[in-house]
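*Asks:* One structure coming up, written as C-alpha cells, with questions to follow.
The values are calculated or read from the model by the stated rules, or taken from the named source; none is laboratory data. Bear in mind that the values here come from a model prediction, so they are computed numbers and not experimental data. FYI the Cβ positions are ideal-geometry reconstructions off the backbone, even for glycines, and counts take in every protein chain you see.
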Amino acid sequence: MLALRRLTRYTFLKRTHPVLSAHRAYKFFPLSSTCSRRTFQIQLRSKMTAHINHKSHNGNQDDHPFKRSDSAVSIMHLKREPFKITVIGSGNWGTTIAKVIAENTELHSHIFNPEVRMWVFDEKIGDENLTDIINTRHQNVKYLPNIDLPHNLVADPDLLHSIKGADILVFNIPHQFLPNIVKQLQGHVAPHVRAISCLKGFELGSKGVQLLSSYVTDELGVQCGALSGANLAPEVAKEHWSETTVAYQLPKDYQGEGKDVDHKVLKLLFHRPYFHVNVIDDVAGISIAGALKNVVALACGFVEGMGWGNNASAAIQRLGLGEIIKFGRMFFPESKVETYYQESAGVADLITTCSGGRNVKVATYMAKTGKSALEAEKELLNGQSAQGIITCREVHEWLQTCELTQEYPLFEAVYQIVYNNVRMEDLPEMIEELDIEDK
Ligand SMILES: NC(=O)C1=CN([C@@H]2O[C@H](COP(=O)(O)OP(=O)(O)OC[C@H]3O[C@@H](n4cnc5c(N)ncnc54)[C@H](O)[C@@H]3O)[C@@H](O)[C@H]2O)C=CC1
Ligand SMILES: O=C(CO)COP(=O)(O)O
C-alpha cells in the first residue's frame, strides 16, 4: 500500500515537475531497497527545492512546490511579431484568466507582447471608475477582491480601443452579454485574428442551439476555440493548483508553426505551474459539458438546500452526466464521449461546480429562503452571474422546439422549478426512471 502510494506520488511528480519530466529515462528505484528509497527522497527533495520558483511578482501568493519559471513548450521559435492579447471581460473569471495570461506574456515575451489589455464594462465604485482602480491599485476590487494583478495587465473601458492590434481575443463575459459585444465588434476584427471563448452557455437563435465559439466565428469571421475546466475562479486566482482543457481546431487559413496560433501557442498562453492545461481538438465536447453542468449544479443546490445529503447530490450528478452526454451526441455529434470523462472540462468540472460553484450556492439559497433564482443571484453574487439560470431556459426552449423535453427529465425539472415554481420536493418524482408500466 505504501509502495503504491509512493509510486503514485512519483508518477504525479514526474508529470508535473520539470526536473523529473525532463528526465524521461529516469528509472524508478526498487521499492524493496530502503537505502535507495531514502537516497531518492533526498534527491527528489533537493531537486524540488532547487526548482521552487521565485514568489509570484505580485508577491501575494504563497510559494508552493509546483512553481517553476518555464515549461518545456516554451522551446518555440516565432517567425512573426509577438502575439498581442486582449481579454474581453473583467468579472470573476475574466479577471482571473487575464491574470494568468499576463503572467505568461511577461514570462514568454519572445512569443507574446507582454502588455495584456482587459476590456472592462466600466462602473463606479464609490466615486472612482473600476477601470482606474484596476490600473492604479492593480486589483479588481469588485469582482476579484484581494488578488493582486500583474502590472502588465491594463484595464480599458473602450471595447474597440481594447482590441486594437490584438492577434488573440479571449472572450470572458457572462454569455447573455455576448451578442451585444460581438455586434459592437463587427467590422473591426481582421480575419487573421484568433479567439478563445471562456464562456459557459449556448446561443439560441435562428440557427438553433449554437456553441458560443461557433457563434463568435459566424458573427466575426474568426477562428474560435474554447477554454473550459474544473476552475472555480477564486481558487485559480489564489494560485491553488487546478487544471483545465483548451480546445482549438486549426483554421483553413492556418499560417504555419511559429506564424499562427496553434496548440503550442495556446499551451504557452494559458499553462501555469498552478494551472495545468491540456490542449485538444474537441471544442464541442468541452463547451457542451461546461454549459450544461451549470444546470446540473442548480439541481444539486436544491438538494443541498433541502438537506437531502450526499447520496442525493451524487444521484443528481450521475443523471446529469448522462443527460450532458446524450445532449452532446444528439445535437453535436462531432463531440467525443471520452472528453466528458477524460478531460477537466468534463466530469471534473461537473464535480467542482456541484460542490462549490455559484450556481449551487444560488439554488441552495432558493431552497432555504423560498426566493426566486434572480433574487438569489442578486442578493448573493454582488453583480456576478449564475449562468445555469439562463442556460436551463435556453436548453428547455431548444428541447421544446425539438419536442424532446421528456428525454431530458433532469434539465426539464430544473427549468420547471426555476421558472414555473414547481416544488423542489417533487424532484425525485420528476426524474424517476420507471421501467415498469403501470397497467
Ligand atoms: N467565475 C468562475 O468561477 C468561472 C466562470 N466561468 C464562465 O466565465 C464567464 C464569465 O464569468 P465571470 O467572469 O465570472 O463573470 P461574472 O459572473 O463575474 O460577471 C460579472 C461581469 O459581467 C460584467 N457585466 C455586467 N453587465 C454587463 C453588460 N451589460 N455587458 C457586458 N458585461 C457586463 C460585469 O462588468 C463583470 O465584469 C461565464 O460564462 C462563466 O460561466 C467559467 C469558469 C469559472
Ligand atoms: O464554471 C465554473 C467552474 O469551472 C464556475 O461555476 P459557477 O459559475 O457555478 O461558479
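*Asks:* Just a yes or no: is a residue in the stretch 102-117 modelled with pLDDT of 95 or more and near ligand 1 (Cβ under 10 Å from one of its atoms)?
*Replies:* No: the stretch 102-117 contains no residue that is modelled with pLDDT of 95 or more and near ligand 1 (Cβ under 10 Å from one of its atoms).
*Asks:* When the residues of the stretch 196-214 are filtered to those that are on the phi < 0 side of the Ramachandran plot, within 13 Å of ligand 1 (Cβ to nearest atom) and not aliphatic (A, V, I, L, M), which remaining residue is surrounded by the most Cβ atoms within 10 Å (Cβ to Cβ)?
*Replies:* Top of the filtered list is 197.
*Asks:* Quick one: which of 422, 362 is at pLDDT 95 or above, within 19 Å of residue 312 (Cα to Cα) and part of a helix (DSSP H, G or I)?
*Replies:* Numbers: 422 fails: part of a helix (DSSP H, G or I).
Being at pLDDT 95 or above, within 19 Å of residue 312 (Cα to Cα) and part of a helix (DSSP H, G or I) holds for just one of 422, 362, which is 362.
*Asks:* I've got another one for you. Which condition from (1) farther than 17 Å from residue 288 by Cα; (2) assigned to a helix (DSSP H, G or I) is the one that residue 384 breaks?
*Replies:* Of the numbered conditions (1) farther than 17 Å from residue 288 by Cα; (2) assigned to a helix (DSSP H, G or I), the odd one out for residue 384 is (2).
*Asks:* Another question about this same structure. Give the residues of the stretch 269-294 that are basic (Lys, Arg) and not in a helix (DSSP H, G or I), sorted by residue number. Walk me through how you get there before you give the answer.
*Replies:* Filtering the stretch 269-294 for residues basic (Lys, Arg) gives 272, 293.
If the condition is that a residue be basic (Lys, Arg) and not in a helix (DSSP H, G or I), then 272 is the only one that fits.
*Asks:* If residue 393 passes every condition in (1) in a helix (DSSP H, G or I); (2) out of contact with any Phe, Trp or Tyr (no Cβ under 7 Å at 6 or more places or on another chain); (3) of a type in the set (D, E, K, R) but one, which one does it miss?
*Replies:* (2)
*Asks:* Those residues that are within 17 Å of residue 280 (Cα to Cα) and surrounded by fewer than 24 Cβ atoms within 10 Å (Cβ to Cβ), I need them from the stretch 345-366; list them, please. Break it down stepwise before answering.
*Replies:* In the first step, residues of the stretch 345-366 are kept if they are within 17 Å of residue 280 (Cα to Cα); the result is 345-349.
Correct list: 347, 348.
*Asks:* If we only count helices (runs of 4 or more DSSP H) wholly inside the stretch 90-163, which ones have 3 or more residues that are in contact with a helix residue (DSSP H, G or I) (Cβ under 8 Å, 6 or more places away or on another chain) and away from ligand 2 (no atom under 16 Å from the Cβ)?
*Replies:* Values: elements: 92-107, 130-137, 159-162.
Ranges flagged: 92-107.
*Asks:* Which of the residues belonging to the stretch 377-410 are within 10 Å of ligand 1 (Cβ to nearest atom) and either in contact with a strand residue (DSSP E or B) (Cβ under 6 Å, 6 or more places away or on another chain) or free of Cβ contacts under 8 Å to residues at least 40 places away in the same chain (or both)?
*Replies:* Of all residues in the stretch 377-410, those within 10 Å of ligand 1 (Cβ to nearest atom) come to 377, 381-388, 390-391.
Across the stretch 377-410, the qualifying residues are 377, 381.
*Asks:* OK, next. Of the conditions (1) without any contact (Cβ under 8 Å) to a residue 12 or more places away in the chain; (2) part of a helix (DSSP H, G or I); (3) more than 25 Å from residue 402 (Cα to Cα); (4) of a type outside the set (A, V, I, L, M), residue 318 satisfies every one except a single condition; which number is it?
*Replies:* (3)
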